[in-house]
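Q: Next up is a structure, given as structure tokens.
The values are calculated or read from the model by the stated rules, or taken from the named source; none is laboratory data. Keep in mind the model is a prediction, meaning the values are calculated, not measured. No Cβ is skipped: glycine too gets one built from the backbone with ideal geometry, and neighbour counts run over all protein chains shown.
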Amino acid sequence: MVVTHGISEGIQMIMAAIVENGEEVLVPGPAYPPYISYVKFFGGKPVAYETVEENGWQPNVDDIREKITPKTRAIVVINPNNPCGALYEEKTVKEIADLAGEHNLLLISDEIYDRIVYVEKFVSTSHIAHDVPVVGLNGFSKTYIMTGWRLGYIYIHDTSRKLTELKECIKKETRVRLSANTPVQNAGVAALKGPQNHILQMVEKLRKRRDCAWKRLNEIAGISCTKPEGAFYVFPKVEAVGSKWKTDAEYVYNLLEETGVLFVHGSGFEPTYGCGHFRSVILPPIETLEASFNLLEQFMSRHG
């Protein structure tokens, strides 16, 4: 395991170790943006595979299969997903792992929302993948409410010892930067060893906020929202993007100017599969969520 300055540094290290000019990395569409940015930064090409909104944003394994080329180096799984809040089915993750094994590809698994799930227990990709090598990423900012403390880690599941060279590359990268600061590392140890009952309480609060946001958004004409099963986001679709508003970015800017309510435009999470959507967090109290969605409803009514 390698301790990192949050998950983002871990993503950077992995992409630096595996990506050469022109090589491809398959990422979910939509995806957490650093996966796209770091692949590009190191001269690679991020290739988005479809996740199906009508099926709870589950990955389309056939689409992944079709997009594997001789240039493909890795498949990224973000589960539970940011920005969609999807919790991937074990069967689907197993099929992706089998594809990675069949084509000798690295399987990268982002699991930072692993303990914020609403329907069933999360199962790590490394457990599902069995003998297929997995590089996992996790951190403390979500489950232990340590956002801004910048503490994450990379783990490597490699029963077949295929990732020895990758391990060495990552170790070399760690030697050219300063480690996460010592007080934060001590705090991480305390978080892991301390009481865990706050997690159930937090998830129950978030479940109520998830239910409120999902119900309220689907009551607004012109907006539809798939029910998230993990993380703390909703990723609604705006029907009028492409007609009343040229882009989802124009939509969220217009909404901000008129109401003061800020969402993140969906195409920022990947321009093909994120287009026409926006991401909202469900962290605020229900009263704040209700007030924001009331303003959103009034905005949509004015522009209906």
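Q: Quick check on my filter: what residues within the range 88-104 are outside any helix (DSSP H, G or I) and surrounded by 23 or more Cβ atoms within 10 Å (Cβ to Cβ)?
A: Hit for the range 88-104 is TYR88, nothing else.
Q: Going through ASP63, ASP114 one at a time, which residue ends up being surrounded by 16 or more Cβ atoms within 10 Å (Cβ to Cβ), acidic (Asp, Glu) and over 22 Å from LYS162 (Cα atoms)?
A: ASP114
Q: Residues to consider are ILE116, ILE112; find the one that is in contact with a Lys or Arg (Cβ under 7 Å, 6 or more places away or on another chain) and over 23 Å from MET15 (Cβ atoms).
A: Criteria check complete, one pass: ILE116.
Q: Ok, one more. Every residue in the range 123-145 that is in a helix (DSSP H, G or I) and under 21 Å from TYR35 (Cβ atoms), please.
A: Residues satisfying the conditions are THR125, SER126, ILE128, ALA129.
Q: State all residues of the range 7-22 that are over 19 Å from VAL134 (Cα atoms) and either in contact (Cβ under 8 Å) with a residue 24 or more places away in the chain or outside the structural domain of SER141 (by TED's automatic domain parsing) (or both); if no residue qualifies, say none.
A: GLU20, GLY22
Q: I've got another one for you. Quick check on my filter: what residues within the range 142-168 are over 20 Å from MET15 (Cβ atoms) and not hydrophobic (A, V, I, L, M, F, W, C)?
A: LYS142, THR143, TYR144, THR147, GLY148, THR159, SER160, ARG161
Q: Continuing with the same structure: Which one of the conditions (1) hydrophobic (A, V, I, L, M, F, W, C); (2) surrounded by fewer than 21 Cβ atoms within 10 Å (Cβ to Cβ); (3) more than 15 Å from the chain's Cα centre (by Cα) does PHE122 fail to meet, given that it meets all the rest?
A: (3)
Q: For the range 130-139, does any single residue satisfy the condition of being touching a residue at least 12 places away in the same chain (Cβ under 8 Å) and over 14 Å from ILE156 (Cα atoms)?
A: Checked the range 130-139: at least one residue is touching a residue at least 12 places away in the same chain (Cβ under 8 Å) and over 14 Å from ILE156 (Cα atoms).
Q: Give me the pairs, please: first residue somewhere in the range 202-216 and in contact (Cβ under 8 Å) with a residue 40 or more places away in the chain, second residue anywhere and of a type outside the set (D, E, K, R) and in a helix (DSSP H, G or I), beta-carbon distance under 7 Å, and either six or more positions apart or on two chains.
A: LYS208/ILE286; ARG209/ILE286; ARG209/LEU289; CYS212/ILE286; CYS212/LEU289; ALA213/LEU289; ARG216/PHE293
Q: Then there is this: Return a yes/no flag: does the range 39-54 have any residue that is farther than 26 Å from GLY266 by Cβ, in contact (Cβ under 8 Å) with a residue 60 or more places away in the chain and of a type in the set (A, V, I, L, M).
A: No: zero hits.
Q: Against the condition within 23 Å of the chain's Cα centre (by Cα), surrounded by 14 or more Cβ atoms within 10 Å (Cβ to Cβ), under 30 Å from LYS121 (Cβ atoms) and among the hydroxyl-bearing types (Ser, Thr, Tyr), how does SER267 come out, does it pass?
A: no
Q: Hey, another quick one. I'd like to check which strands (runs of 3 or more DSSP E) are fully inside the range 1-53 and have at least 3 residues that are within 27 Å of ARG175 (Cβ to Cβ).
A: Counting at least 3 such residues, we get 2-4.
Q: While we're here: I'm checking my understanding of the structure. Among residues of the range 154-182 that are among the acidic types (Asp, Glu) and free of Cβ contacts under 8 Å to residues at least 40 places away in the same chain, which one is nearest to ASN138 (Cα to Cα)?
A: The extreme case among them is ASP158.
Q: May I pose another question? Considering only residues of the range 261-304 that are of a type in the set (Gly, Ala, Ser) and in a loop (DSSP other than H, G, I, E, B), which is farthest from TRP57 (Cα to Cα)?
A: GLY304
Q: Looking at the range 156-179, which of the residues that are more than 27 Å from the chain's Cα centre (by Cα) and assigned to a loop (DSSP other than H, G, I, E, B) is surrounded by the fewest Cβ atoms within 10 Å (Cβ to Cβ)?
A: VAL176
Q: Which members of the range 227-260 meet the condition of being crowded, with 21+ Cβ neighbours inside 10 Å, among the β-branched types (Val, Ile, Thr) and in a loop (DSSP other than H, G, I, E, B)?
A: none
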